[in-house]
1. Yes or no: Arg181 within 17 Å of Pro271 (Cβ to Cβ), among the basic types (Lys, Arg) and not in a loop (DSSP other than H, G, I, E, B)?
2. Taking region 223-245 as the search range and keeping residues that are of a type outside the set (A, V, I, L, M) and touching a residue at least 60 places away in the same chain (Cβ under 8 Å), which one is surrounded by the fewest Cβ atoms within 10 Å (Cβ to Cβ)?
3. Please determine, by comparing only the residues of region 150-183 that are more than 15 Å from the chain's Cα centre (by Cα) and loosely packed, with under 15 Cβ neighbours inside 10 Å, which one is nearest to Asp220 (Cα to Cα).
4. May I ask you to verify whether Leu172 is in a helix (DSSP H, G or I) and hydrophobic (A, V, I, L, M, F, W, C)?
5. For the condition within 24 Å of Pro45 (Cα to Cα) and either modelled with pLDDT under 90 or outside any strand (DSSP E or B) (or both), what is the one hit in Val138, Val164?
6. Could you identify the single residue in Val139, Val108 that is in contact (Cβ under 8 Å) with a residue 24 or more places away in the chain, surrounded by 13 or more Cβ atoms within 10 Å (Cβ to Cβ) and either assigned by TED's automatic domain parsing to the domain that holds Asp180 or out of contact with any Ser or Thr (no Cβ under 7 Å at 6 or more places or on another chain) (or both)?
7. Which of the residues spanning region 63-118 are over 24 Å from Ala281 (Cβ atoms) and of a type in the set (Gly, Ala, Ser)?
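The values are calculated or read from the model by the stated rules, or taken from the named source; none is laboratory data. The structure displayed is predicted, hence computed values, not measured ones. Counting neighbours? That spans all protein chains shown, and the Cβs are built from the backbone with ideal geometry, glycine included.
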Amino acid sequence: MRRTSCLAAILLLCLTPPGAALAMQRADDDSPRERAAAAGDEDGPSLPTALPDGARLPEPAVVKSMRADGVAGRITVLDRSLSCPKCAGKGTKVTRKRTERGNMLEPVITETVDACPACGGFGFTDEPRRVGPVLDGVVTAIASLPHDLPTAPVLVERARAVLVRVGSTGPLTQAISAVDRNELVGERMSKPGTAVSVTGFVGKPILIGGGRRAYPVLVDGRALILLRTPTIHCAPERGPALVGGILSGPIEGAEWDFGRTMVLDGGFLVPITPPVNRAPAPAAGDDAGAAGGKNASGAGSARSGSGRSGGK
């Protein structure tokens, strides 16, 4: 009987294709890499896919409604506060040189365009204190905007464009949300009605009842928040994003591995993208630009023309 079992095992092994045998071995091994892929670690950290049993979500914080012109004004102020005060957001500095030629000839005026020395050509301010409070004001304005207002779609689109710009400011994006991130991680944030803006990793939406969804956001790899029914959402699922909303309170009635979880309402999700340098590229064969002598983006471009000494 034992000889028959051994012969059957050998025959099965011989007749099994190499690929199938390898697949069987992988399935039996259940390697940590495959377990990580199943948990979602291949494309980012693990995030919840459902609420824990017995979880009770807080009621949305009450936000005083705001007139349409007030919302529009806050959006405009945020847009302006992002710009570098030296170049007004252009990212460039224009230098004009006037050369007199004498003998009644018109002078030569040469213009050189270089990267703005204050912002390095990116066009953004480097002062988060100018932007942070204004961003909080826009978060509150979005949450207070009545959706049945005729101008609401236009205002939401304007806010979306400016918030996407905030998400493309590089280090400034991280700096303006540092305080809120630290409070979330330290579990010190508990006042409902507070405007919150943080950077984090966004997961796929989860159902929270009543056909509604919430987006889990992992902040600094430690703190979890849920953004409930965002007004503006243009960030890809499972990726870094700038997230904002009105703090409503923590989830209660259940415990899970993610610890104390705060809920935000009426906010936004926008992608974090690298900033774009607006300074001119160095001219071909420009030794000064190759040596990095003028600015971070290389040598500026130059153009010349002529004009009367008295001007017109």
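1. For Arg181, the condition - within 17 Å of Pro271 (Cβ to Cβ), among the basic types (Lys, Arg) and not in a loop (DSSP other than H, G, I, E, B) - is not met.
2. First pass over region 223-245, keeping only residues of a type outside the set (A, V, I, L, M): 228-231, 233-234, 236-240, 244-245.
Right, trim to touching a residue at least 60 places away in the same chain (Cβ under 8 Å) and you get 228, 231, 234, 238-239, 244-245.
Values: Arg228: 21, Thr231: 20, Cys234: 15, Arg238: 15, Gly239: 13, Gly244: 30, Gly245: 33.
Checking each candidate, the answer is Gly239.
3. Glu157
4. Yes; evaluated as a whole, the condition is true for this residue.
5. Working: Val138 fails: within 24 Å of Pro45 (Cα to Cα).
The conditions single out Val164.
6. Details: Val108 fails: either assigned by TED's automatic domain parsing to the domain that holds Asp180 or out of contact with any Ser or Thr (no Cβ under 7 Å at 6 or more places or on another chain) (or both).
When all the criteria are applied, what remains is Val139.
7. Pass one, region 63-118, residues over 24 Å from Ala281 (Cβ atoms): 63-81, 85, 98-108.
Scanning region 63-118 gives Ser65, Ala68, Gly70, Ala72, Gly73, Ser81, Gly102.
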